[in-house]
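For reference, the structure discussed in these notes is given below.
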Amino acid sequence: MKKTNLWFSIIILISIAVSCKDTPEGFRSITPEVLKDKIAGGWAGKMIGVTYGAPTEFRAQRKIFADSIKWKPSDIRGSMWQDDIYVQLTFLMSMDKYGVDAPAKKFQEMFAKAGYPLWHANMQARKNYYDSIFVPASGSPEYSLHADDIDFQIEADYIGFMCPGMPNTGSGIAEKIGHIMNYGDGVYGGIFVSALYSEAFFETDITKIIDKALKSIPSESDYSKIVNDVLKLHHQYPSDWQTAWKELEAKWGNVDICGAGIDFNIDAKLNGAYIVMGLLYGDGDPMKTLEITVRCGQDSDCNPANAMAVLGVLKGFSGLPEDMQKGVKAMGDSIFINTTYSFNTAVASTNKYARDFIVKDGGQITDKTILVKSQLPVTAALEVSFPNVVFDKTISVFDQKAWLFKGSWRPFEITSEGDKKLIKQSMYSEKAGDELNIDFAGTGISFEGNWFKDGGKADVFVDGKLHRSIDTYYNFANQQHTVSIWHVLNLQPGNHKVRLVVKGEKRPESAGTRVYITSATIFKTAPKTNESYKFSFEK
């Protein structure tokens, strides 16, 4: 760090210390300059972290990322194209257009109609909107197998940035926005990271920041439990993050409904645990924090983005390494794609909202001092997305012994990437009355298939009763996806029959009435293996 940065940081610390002497009881004090500096640090940290980890995203699944990490400050420009940034800026734009107290459906509408591609919980929330399934149902387990996914966790930064020392204000916003695409642990991920930022405005001890942020989510939640496990592991192995990672992986690595049966894990709580691991073992050092968070694997661009943003708030923009500051400043006025915001205008807007929230909550603002009314965290209500739901098996649509087809079902072929041969990808029908049947033993089932631009409608019956009509059309941002097109959970244990009947109908914009099926995933109800698991030092 150069002397100029060192002296600036010392001046900030002195100003905080001086202002604290005159702070009334029940308030916390910060100067306007420091507030804006910390908000800028948060946004900058997000941009730095997401570009640092971008080349490694999901390249390490259930293993530590061991390859070299190549990054330079000029790479920060790549944040202009990252969904970690532009999705949450859409919600900021929604606040600008409709006001902070606008109903959640207005935020869902603007998000759903945005022109960019989406994935997982976000994509399901968009699809649900166009199927007239609105918030909070849009993020619920009944209508989304992605309820616990990471999506809201990576989009809640702006909430924490504008709620300095006000975790309850942040939680209120997060409850509304988070249920657009998530539920339970998926929402708690956003509440937790938002609270991390809120606390980092006034606390410098990372362990204390984590402990305080945990007070905003239910201790009974798996999200709280896994974060507490990381704290426990850090205490046991204070200088050995890799051993801690292996212990955590053994207990929690396979607890993911969305990625059931595979190594890919988009679960909010596991990736949130990696954020915490990076913060604890990074010891406040930006590069060390980034590297460890990335090497934990899985969603390894989103996780360092959150971890680095916490450090950005804690240290302030002026306290970040000078080369990082220069990298952000170089693109400070560049507009993030799909938004009207740049780094500089996002900082200014967030700062304005922060000041408004402070005053609204009973704080005071002068030219020299901002008094933030202290908030004791209020814990969110307990929600559990998939209680005791565990993966059993996946059945390919080409398993002739498992499926019964009636009508003119045909294989849909695609060209393989390797040898360019035609391979059977799914079975489809577009004729009204055609049906498929499957019997299974368990408590839940998901039909995987394709959302395509020629997707049509179908009725799905469970044990002879109509469960739901589905629409498989999707043609947003030129995305075509293999996804869960229908699911049901919480059935009574035992044998069940599912029948899908093609309706031969479509919405006006669809190019056809086809319904595509690739497989079925079977779930059962049983205690999850991690619930009785003990770390090696506990045995």
Before we move on, is Met166 hydrophobic (A, V, I, L, M, F, W, C) and closer than 15 Å to Thr90 by Cα?
no
Pairs, first without any contact (Cβ under 8 Å) to a residue 12 or more places away in the chain in region 228-249, second in a loop (DSSP other than H, G, I, E, B), C-beta under 8 Å, six or more apart:
Thr243/Tyr237
Just for region 124-165: of the residues that are among the acidic types (Asp, Glu) and within 26 Å of Thr51 (Cα to Cα), which one is surrounded by the most Cβ atoms within 10 Å (Cβ to Cβ)?
Asp149
Would a scan of region 167-177 turn up a residue that is assigned by TED's automatic domain parsing to the domain that holds Val359, touching a residue at least 60 places away in the same chain (Cβ under 8 Å) and over 27 Å from Thr204 (Cα atoms)?
yes
Among the residues of region 377-422, how many are among the hydrophobic types (A, V, I, L, M, F, W, C), in contact (Cβ under 8 Å) with a residue 12 or more places away in the chain and more than 22 Å from Ser446 (Cβ to Cβ)?
4
Given the condition at pLDDT 75 or above, under 22 Å from Val347 (Cα atoms), in a helix (DSSP H, G or I) and not polar (S, T, N, Q), answer yes or no: does some residue in region 6-23 qualify?
no
Residues of region 63-81 satisfying the condition of being under 17 Å from Arg295 (Cα atoms) and loosely packed, with under 14 Cβ neighbours inside 10 Å
Ala66, Asp67, Ser68, Lys70
In this structure, is Gly178 under 26 Å from Val483 (Cβ atoms), modelled with pLDDT of 95 or more and in contact with an Asp or Glu (Cβ under 6 Å, 6 or more places away or on another chain)?
no
For region 27-44, give me each residue that is under 17 Å from Ser198 (Cβ atoms) and either at pLDDT below 95 or of a type in the set (Val, Ile, Thr) (or both).
Ile30, Val34, Ile39
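The values are calculated or read from the model by the stated rules, or taken from the named source; none is laboratory data. Note that this is a predicted model, so its numbers are computed, not measured. Quick reminder, even Gly has a Cβ in these numbers, built from the backbone with ideal geometry, and neighbours come from all protein chains shown.
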